[in-house]
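Working notes, structure below.
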Amino acid sequence: MPVARRFPLTALLALATAIAGCVGDRSPSPSPAPSVARPSVAEPSTPAAATCDARVSAGADLAAAIEDGGPGATLCLSGTFPVPDPLRPLDGQAFVGPATLVGAEGNDTGFDVGDARDVVFRDLEMSGFGLRAIECGIGTAVVDSFLHHNGRNGVGCGLGGEGGVLIERSEIAFNGSEEHLGGGSSGMKFARGDGIVVRDSHVHDNLGIGIWCDVQCGDLTVVGNLVERNSRKGVHYEKSGESDEVVAYVGHALIEGNVVVGNGWEGREYAADGGIVCVSCKNVTIRDNTTEDNHRAGIVIKQDGRVVGPKHGWTVENVVVGTNAVADGVDGCDLPGVECA
């Protein structure tokens, strides 16, 4: 059965401000931030609300409604829908609740976006899928939604150097399982993506990593989120840059204005768990975040053994840690290519 939201999204800003104030009181006075320009990162706008092209109530055949609606249709859903097979949206479709979708008959995926572009999910609660609620695609937007208790992650996808994925004002919680730890167990995971934005969301109590951008991440923006009590890293950006193995998407990560607390409670020191973690990464700006009570440190920069490519492989380079309210320390400022305030 779906659970009630433990955290009202309307209270996110107030709670984040309160936590920031408490942590800031215990932190030493910060040094001036390095003079760095705001990175050029993709910031997609929130999809506008659209008029319903079709109203779909509980008990209806949702897969048939998708086909009947056609590309670009807005389907307004109401009630609870058991989902025994992955739903496959068409280009430009929008799915608008309030509605609840629950995995049934061992189904591993709620929506499999596949090659469909610019699909929007708004005001949906999704749980009980063996892998994930939403397998995203290019231009996917998840807004005002609650993705919880899914076996691998709430939302995730591998993108061939494109992206434009937006997660906004959503709660991503209680996802992941022992079976998928280390390989994708998280609140959300993206690979080979570019132009991914996670903002104003609450990512908490996931088994594994909260927000994870894996191999060959290009532009990533993580701003204004509350990220707490994830069992491994809170925010993880890794293996960015050129390589011999895959096409290069060399972008810039901006991790700014987040409250990141109580992550890494598994205590796996060798995995560099912590609040905000940057491993074998380049072109990263970390500033104006608040961290407390994360395992190892609030901010961790690390070079591991996965250095590939003849030019700028998966190596730490051009990482700027600006002024942050860090009650639990910063690890990695002594690495070449890292500048810390």
>> Once you keep just the Cα pairs under 8 angstrom separated by 6 or more residues, what percentage relative contact order results for segment 115-265?
In response: 17
> So for 132, 268, fewest C-beta neighbours within 10 Å to most, what's the order?
Replying inline: 268, 132
> Which whole-number percent is the relative contact order of segment 84-179 (Cα, under 8 Å, 6+ apart)?
Replying inline: 24
>> Just to check I understand the Karplus step: with θ = phi - 60° and J = 6.51 cos²θ - 1.76 cosθ + 1.60, what whole-Hz values come out for segment 326-335, glycine and proline as x?
In response: 10, 8, 10, x, 10, 10, x, 5, 7, 6
> Full extension from residue 61 to residue 341: what is 0.36 nm times the residue separation minus their Cα-Cα distance, to one decimal in nm?
Replying inline: 95.2 nm
> Using a Förster distance of 22 Å, how high is the FRET efficiency between residue 104 and residue 266, based on the Cβ-Cβ distance and rounded to 0.05?
Replying inline: 0.10
>> List the residues, sorted by chain then number, that are 5 or more residues from residue 74 or on another chain and whose placed amide H is less than 5 Å from its amide H.
In response: 53, 54, 94
>> Between residue 80 and residue 323, what's the calculated FRET efficiency when r is the beta-carbon distance and R0 is 45 Å? Round to 0.05.
In response: 0.45
> Which far-off residues, 5 or more places away or on another chain, put their amide H under 5 Å from the one on residue 252, with H placed in the peptide plane?
Replying inline: 219, 220
>> Can you work out the Karplus-derived ³J(HN,Hα) for every residue in segment 212-224? Use 6.51 cos²θ - 1.76 cosθ + 1.60 with θ = phi - 60°, whole Hz, and x for glycine or proline.
In response: 10, 10, 9, 2, 6, 6, x, 4, 9, 10, 10, 9, x
> How long is the gain from residue 50 to residue 88 if the chain were fully straight, where each residue apart is worth 0.36 nm and the alpha carbon distance is subtracted?
Replying inline: 11.7 nm
> Which FRET efficiency, nearest 0.05, do residue 304 and residue 178 yield, Cβ-Cβ r, R0 41 Å?
Replying inline: 0.95
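Order of 207, 124, 90 from fewest to most other C-beta atoms within 10 Å?
Numbers: 207 22, 124 25, 90 17.
Result, fewest neighbours first: 90, 207, 124.
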>> For 56, 223, which order do you get if you count the other beta carbons within 10 Å of each Cβ and list the fewest first?
In response: 223, 56
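With only alpha-carbon pairs counted, each pair once and no self-pairs, how large is the Kirkwood hydrodynamic radius of segment 101-180 in angstroms?
Roughly 12.4 Å, rounded to one decimal.
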> How large is ³J(HN,Hα) for each residue in segment 128-142, as worked out from phi by the Karplus curve 6.51 cos²θ - 1.76 cosθ + 1.60 (θ = phi - 60°), to whole Hz, x for Gly and Pro?
Replying inline: x, 9, x, 10, 8, 6, 10, 8, 7, x, 5, x, 5, 10, 10
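Bear in mind these aren't lab numbers, they're just calculated from the coordinates by the rules spelled out. Computed from a predicted structure; not experimentally measured. Here Cβ is always computed from backbone atoms with ideal geometry, including for glycine, and neighbour counts include all displayed protein chains.
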